[in-house]
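See below for the structure under consideration.
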Amino acid sequence: MERNWISWMRAAARRAVRTMAQSAAAILGTCAVLSEVNWRMTASAALLSGLLSLLMSLSGLPEEEIAAPPQD
């Protein structure tokens, strides 16, 4: 099966951005006030989660399998 790289990149990027936002929201939710947020740690954790998401996407994306045309 040949992979449509443009479609894969869009789906992987969408998933990575969503994962990064969820990670940042989780870290922000642990602080009582915004002045206590360690912004460097928040950005680092969000970027790392995005990178891990992209690496996990290499094994396959459910979005890509649904959009794939049926094989003859």
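Points worth noting:
- When S44, S35, S49, S59 are checked against the criterion of being hydroxyl-bearing (S, T, Y) and touching a residue at least 24 places away in the same chain (Cβ under 8 Å), S49 stands alone in meeting it.
- Elements of type helices (runs of 4 or more DSSP H) in the chain, at least 2 residues being modelled with pLDDT of 90 or more: 5-29, 39-57
The values are calculated or read from the model by the stated rules, or taken from the named source; none is laboratory data. Since the model is a prediction, treat every value here as computed from it, not as a measurement. Because the Cβ atoms are built from the backbone with ideal geometry, glycine has one as well, and the counts that use them run over all protein chains shown.
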